[in-house]
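Worksheet: the structure to be examined is printed underneath.
The values are calculated or read from the model by the stated rules, or taken from the named source; none is laboratory data. The shown structure was predicted, so the numbers you read here are calculated from the model rather than taken from an experiment. Cβ atoms come from the backbone with ideal geometry, glycine included; neighbour counts cover every protein chain shown. To get the accessible areas, we keep the full protein, side chains included, count just its heavy atoms, and leave off ligands, DNA and RNA. Shrake-Rupley method; radii C 1.70, N 1.55, O 1.52, S 1.80 Å.
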Amino acid sequence: MPSSKRRNTRRAAVGSVLFSAGLFCGTLVAVPKLHRALSSEQTPVEMTCAELVQNGIGESSVVRLTDATIAEPSEEMDFAMLEPDPSAAQALPVGTGMRAWMSGDKVAMAKSTISKTLKHPRSKKLIDQMVRGEVIPRDFVGASMPQPLKLSPGRDIAALALEEVKTTGTLTAFVTEDPTSKWIAKSGDYLGVELPEPFVKSAEMDQYSLHPISQTESISNAGIWIGASAFSMTIGWLLCSSAGWGLWILFCPVAAIVGVFGIPLRSGRGNRVTWMLAFFVGAFSLAAAYGLAFVLGGLGQAQSMWTMQAAGFIAACAGMAIWLGIRGSIKTKRSMVLSPGSLDDLILPKKGRAKKAKPSEKQKRAKKSSGTDVDADQYATTGVRQDALQETLNKNASYSRKYLDPRLSVPANAQASPEAMEHNLLWQKADFEEPLLVEIGRGDAACQATIQVGCQNLVLGMTDELDGQVRLRMISVLEDGHCLVSVDDSYPDLQNGGANEQATLSVYESVKAPKLLAKHLENAADLAEKRSSGLVTLDSNEWRDVVLLTERVLKSVLHDEGHQKWEIYDMTYGRFSYPVQDVRMFEETSPV
């Protein structure tokens with residue numbers, strides 16, 4: 001079996017166990033514990049056993065029964081209803097459905113096996129946790145039949161309740177409706193299983209479960225149960241939803257059914273729209289959990305419904321699983337973006353290039369406006385945000401700056417700072433080359449920078465340091481000459497993203513080198529698809545041309561967005577040009 005299939009099988013198996021354990025413990029144990037803990041502060045209402053059976057639960061779930069006594073479960077359990085009926089051992093009818101199957105010798109064999117198992121000495125501890133004491137009025141004389149008032153399961157609970165009755169003469173207990181007998185009777189009737197007549201008659205009455213108030217859990221204890229159960233179910237749900245399809249679904253049907261809900265986010269399928277929709281679905285699930293558990297289920301209130309409380313618990317786990325699944329989907333997609341296969345799709349082919357899309361009207365207007373006979377002020381008004389640009393031009397009407405390229409040099413015996421080297425090493429782990437240390441002079445100021453090319457030569461990574469602050473920049477160039485620049489928020493003049501026909505600038509807050517690379521490649525894939533273009537493979541010796549081009553196009557973006565005012569003229573840097581032109585291939589620039 002391939003490693004991926006084995007990994008899916010293990011993940012699904014572990015997810016099934018965790019999900020089932022969380023579902024069972026959460027709905028059957030943790031939710032009732034929390035309900036009792038929240039309701040334990042209610043004032044007890046005194047009444048008799050007959051009044052409780054007749055009137056049911058009133059304004060308080062805590063009652064003090066003044067005439068109660070406890071009938072403890074016997075040490076020798078009677079398993080008569082599980083003894084096989086000799087007359088039932090007959091040939092199975094054919095084609096008569098579930099009722100005929102359940103009336104044949106297979107059910108007799110199953111009854112016999114269960115009866116022998118429960119009679120085994122090692123089963124005593126299990127039975128002691130399952131048996132229930134009965135609450136009856138004092139001096140009650142009647143047929144030996146199940147009573148409508150039962151204690152919560154456990155032989156020790158019955159012993160403690162009896163001790164309380166002998167000591168105080170009353171029993172103070174937390175009361176909830178108990179539909180278990182009705183469910184068993186309906187299931188037995190549907191399956192055609194004959195149940196004892198006294199049990200069937202008692203199931204027709206309203207029955208109640210009583211838990212001694214002295215044994216009610218604290219809120220902290222109930223919270224631990226709820227937290228552990230929710231954690232187990234949520235993680236199990238995530239594991240089941242993240243396992244890909246395979247033959248394991250035959251062996252883990254629970255995981256397969258539960259995992260259907262994770263298909264939209266599985267294997268990095270999600271995008272921003274999917275993640276946003278999933279976020280709202282998760283928020284809706286958490287809101288629905290509150291409504292189901294507290295509003296409809298009455299959690300912590302006298303009038304309560306366990307099924308709604310359990311549904312609220314499941315909805316809360318679903319909401320948390322969806323939100324965690326969004327995080328996992330984002331990380332999976334980033335790892336897929338950094339994979340070699342995804343980078344191959346972005347590389348511009350050197351031969352036999354695909355037919356380019358026709359230039360848009362916007363591109364044509366940009367090329368026309370770049371002519372030398374066009375006035376600089378008129379060209380400046382072709383930006384994206386005319387209102388902000390006009391405001392900037394009005395404020396600085398008497399001030400104009402002509403853009404000049406920065407000075408680039410390679411200093412001798414210079415060393416990068418430890419902070420810059422830390423980012424360089426992280427990029428080198430993503431197959432970037434060793435960094436080249438250069439000096440960039442802008443006006444009277446100069447700073448050191450490191451430059452390295454990587455990701456199959458599709459990206460130029462750059463760090464520059466000024467006044468002890470290390471700033472990160474990633475650069476890629478598309479076939480049509482459009483530049484994609486991603487920076488962190490350490491640049492004082494690059495605090496907002498922007499775009500024009502020359503470049504697209506993306507700014508990310510508090511980002512580290514690997515995360516900036518992943519976001520840059522995500523944007524590169526989206527932009528390449530949108531512009532029907534590919535990424536140009538950069539040569540290591542072209543770092544000077546790429547850096548100078550980037551500096552110029554960034555000034556054009558700041559100018560067009562209305563943040564700064566510049567007079568920017570045409571320039572060519574090797575294979576690259578400003579304004580944008582199709583980038584020449586290496587074969588086109590080499591001599592024949």
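Key figures for this structure:
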{"item": "Where N is the number of residues in the range 122-219, Cα Rg divided by 2.2 N^0.38 Å", "result": "1.19"}
{"item": "Residue 191-residue 122 FRET efficiency (beta carbon distance; Förster radius 41 Å; 0.05 resolution)", "result": "0.90"}
{"item": "Ranking by accessible area, most exposed first, for 155, 442 with a 1.4 Å probe", "result": "442, 155"}
{"item": "Difference of contour (0.36 nm per residue) and Cα-Cα distance, residue 305 to residue 532", "result": "75.9 nm"}
{"item": "The range 296-315 and the range 458-535: distance between their alpha carbon centers, rounded to Å", "result": "51"}
{"item": "J(HN,Hα) series, the range 411-419, from Karplus relation 6.51 cos²θ - 1.76 cosθ + 1.60, nearest Hz, glycine and proline x", "result": "x, 8, 6, 8, 10, 6, 6, x, 5"}
{"item": "FRET efficiency, residue 584 to residue 419 (Cβ-Cβ, R0 45 Å, nearest 0.05)", "result": "0.75"}
{"item": "Solvent exposure ordering (accessible area, 1.4 Å, most first) of 260, 453, 507", "result": "260, 507, 453"}
{"item": "Order of exposure, largest accessible area first, which applies to 512, 530, 565 with probe 1.4 Å", "result": "530, 512, 565"}
{"item": "Estimated FRET transfer efficiency when R0 is 51 angstrom, pair residue 570-residue 290 (beta carbons, to 0.05)", "result": "0.25"}
{"item": "Karplus (6.51, -1.76, 1.60) ³J(HN,Hα), θ = phi - 60°, over the range 154-161, in Hz, Gly and Pro reported as x", "result": "x, 5, 5, 4, 5, 5, 5, 5"}
{"item": "For the range 15-24, 3J(HN,Hα) per residue [Karplus equation, 6.51 cos²θ - 1.76 cosθ + 1.60, θ = phi - 60°, Hz, x = Gly/Pro]", "result": "x, 4, 5, 5, 5, 5, 5, x, 5, 5"}
{"item": "The range 467-543, accessible surface, carbon-and-sulfur percent (1.4 angstrom probe)", "result": "40"}
{"item": "Residues with amide H under 5 Å from that of residue 131, placed H, sequence gap 5 or more", "result": "154, 155"}
{"item": "Pair residue 439, residue 331: separation of 7 Å Cα→Cβ label points (nm)", "result": "4.4"}
{"item": "Three-way shape label, the range 460-507, alpha-carbon gyration tensor, a/c 1.5", "result": "oblate"}
{"item": "Under 5 Å, built H, 5+ apart or other chain: amide partners of residue 481", "result": "583"}
{"item": "Rg/Rh (Cα only; Kirkwood hydrodynamic radius) as it applies to the range 403-542", "result": "0.94"}
{"item": "Contour excess over end-to-end distance, with Cα ends at residue 159 and residue 456 and 0.36 nm allotted per residue", "result": "99.5 nm"}
